[in-house]
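Trainee: Just dropping this structure here.
The values are calculated or read from the model by the stated rules, or taken from the named source; none is laboratory data. Keep in mind the model is a prediction, meaning the values are calculated, not measured. Cβ coordinates were reconstructed from backbone atoms using ideal geometry, including for glycine residues, and neighbour counts include every protein chain displayed. Note: accessible area is taken over every heavy atom of the protein model, side chains too, but ligands, DNA and RNA are not part of it. Shrake-Rupley method; radii C 1.70, N 1.55, O 1.52, S 1.80 Å.
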Amino acid sequence: MVIRMGAGEVGPSITQLAKDVRAMMEPDTASRLKVCFPAEIHSRAKVAHSGVQERKANKLKDYISMAGPLGVSHLLLFSRSNSGNTNLRVALAPRGPTLHFRVDNYSLCKDVTKAQKHPRGGGKEYQTAPLLVMNNMKTQQDASSDPIRKQLEDLTTTIFQNMFPQISPQTTPLSSIHRIMLLNRELSNAEDGTFVLNLRHYAITTKQTGVPRRIRRLDPKEQRQRQKKGSAIPNLSRLEDVSEYLLDPSAAGFTSASETELDTDAEVEVLEAQTRRVLSKKQVQKLRDGKSKDRSSGGSNVEKRAVKLVELGPRMKLRLVKVEEGVCEGKVMWNEFVTKSKAEEQEMDQKWAQRRKEKEERRKEQRANVERKRRLNANTRANSNGDRAEDEEMEDRWDSEDSDVDDVSLEDGADEGE
């Protein structure tokens, strides 16, 4: 769940950054969640889907209370400090820990799109989760030299890995991976003590390589991948033969055949998807006996494809400044700017142990008070039911006495008539 804290105070840029990060986390994010207070949840049958509405009055506990019913595992909270710094808190729900990042620099999706000559539009890429790629997250130095730094690297790596579903190279189809989220850590000196991450978001595009552009435009598979349907199929109405289109450099306004080389990041060999004919029982038996050959299996179906990454945005430069034990609260496990001695750490541990003890005592007292109120309410209901039963019995007795009096008066009136 990606949220901006302090709606109306963070500004339009941070609001748009939160929306871009929410789109980057698709589809495993609450993109159309309407935030309500816990008191409002009971009065509404279901959560509205009119868009995310982070109001100024919403508190962090409101989001944490909704994280459990909605199955939210991570909270990404954008906020702005009094000094004007943009902060990002990555918390594990419901017990923590929390990573505090300071956003040194960021670029929105619209800024990245304006800087590109051929931007990538939003299509089916956002129907599947992005592939997480991390670089330089763990250093090669010995853990005994700096155990705290090693634990910090492991914690950060684990938190970001658990944001996205796991993949298996044997079972995950390549066609389901359309985007990449890159986390690159800037290596610094051991004395510096900084932990800086650069976040990038790319779309994966592939094209056939080693094939002239004219022939590639006639491939049906390439036609389906093109966005502009109007210019997908070339106009051959003025040509007498298809060879004029393939051999003439000036036909249809194309350049020479030297355009077979593409501006790519890498080239890979993949198996070309082929349709196989369903065989009958007789044909399957002939294949087993060796009397017939499967024509569909003949020949190599390996093709070379050029892979290129197109940046979608947003960009962020994150600097880790603090790690807390709970969800945006609790004991400070690491701080970039504050270093404490062992005596101060022991004093802090004793202080937090005392706070936990007091908190547990308050919980016990609250449970005892709730149980006492329940028993009192039960006794009150029992007494009220008993009084109600006595009142009904008295009413029945009065009704029977009134009916007896009426019967006696009717008899006396009959005697007088006689």
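Trainee: I'd like to check something: does region 186-203 contain any residue that is at pLDDT 65 or above, among the charged types (D, E, K, R), assigned by the TED database to the domain that holds residue 22 and surrounded by 14 or more Cβ atoms within 10 Å (Cβ to Cβ)? Even if it seems obvious, please write down each step before you answer.
Mentor: The initial filter retains those residues of region 186-203 that are at pLDDT 65 or above, namely 186-189, 192-203.
Still in the running and among the charged types (D, E, K, R): 186, 192, 200.
Add one more test, that the residue is assigned by the TED database to the domain that holds residue 22, and what stays is 186, 192, 200.
Within this subset, residues satisfying the condition of being surrounded by 14 or more Cβ atoms within 10 Å (Cβ to Cβ) are 200.
Within region 186-203 (the criterion being at pLDDT 65 or above, among the charged types (D, E, K, R), assigned by the TED database to the domain that holds residue 22 and surrounded by 14 or more Cβ atoms within 10 Å (Cβ to Cβ)), the answer is yes, since at least one residue qualifies.
Trainee: Name the residue, out of 235, 301, that is open to solvent by 80 Å² or more (accessible area, probe 1.4 Å), within 30 Å of residue 124 (Cβ to Cβ) and modelled with pLDDT under 85.
Mentor: After applying the criteria, what remains is 235.
Trainee: Could you please tell me which pairs satisfy a Cβ distance under 6 Å, a separation of 6+ or placement on different chains, a first residue in region 26-37 that is surrounded by 19 or more Cβ atoms within 10 Å (Cβ to Cβ) and of a type in the set (Lys, Arg), and a second residue that is modelled with pLDDT of 60 or more and part of a loop (DSSP other than H, G, I, E, B)?
Mentor: Pairs that qualify, where the first residue is surrounded by 19 or more Cβ atoms within 10 Å (Cβ to Cβ) and of a type in the set (Lys, Arg) and the partner is modelled with pLDDT of 60 or more and part of a loop (DSSP other than H, G, I, E, B): there are none.
Trainee: So is residue 352 in contact with a strand residue (DSSP E or B) (Cβ under 6 Å, 6 or more places away or on another chain), modelled with pLDDT of 70 or more and within 28 Å of residue 157 (Cα to Cα) or not? Break it down stepwise before answering.
Mentor: Values: in contact with a strand residue (DSSP E or B) (Cβ under 6 Å, 6 or more places away or on another chain): no; modelled with pLDDT of 70 or more: yes; within 28 Å of residue 157 (Cα to Cα): yes.
In short, no.
Trainee: Considering each residue of region 155-176, count those that are open to solvent by 60 Å² or more (accessible area, probe 1.4 Å) and free of Cβ contacts under 8 Å to residues at least 40 places away in the same chain, and give that number. Outline the logic, then answer.
Mentor: We begin by selecting, within region 155-176, every residue open to solvent by 60 Å² or more (accessible area, probe 1.4 Å); these are 158, 161-162, 165-167, 169-171, 173-175.
Keeping just the survivors that are free of Cβ contacts under 8 Å to residues at least 40 places away in the same chain gives 158, 161, 166-167, 169-171, 173, 175.
Total meeting the criteria: 9.
Trainee: Pick from region 322-354 the residues that are within 25 Å of the chain's Cα centre (by Cα) and acidic (Asp, Glu): which of them is most open to solvent (accessible area, probe 1.4 Å)?
Mentor: 329
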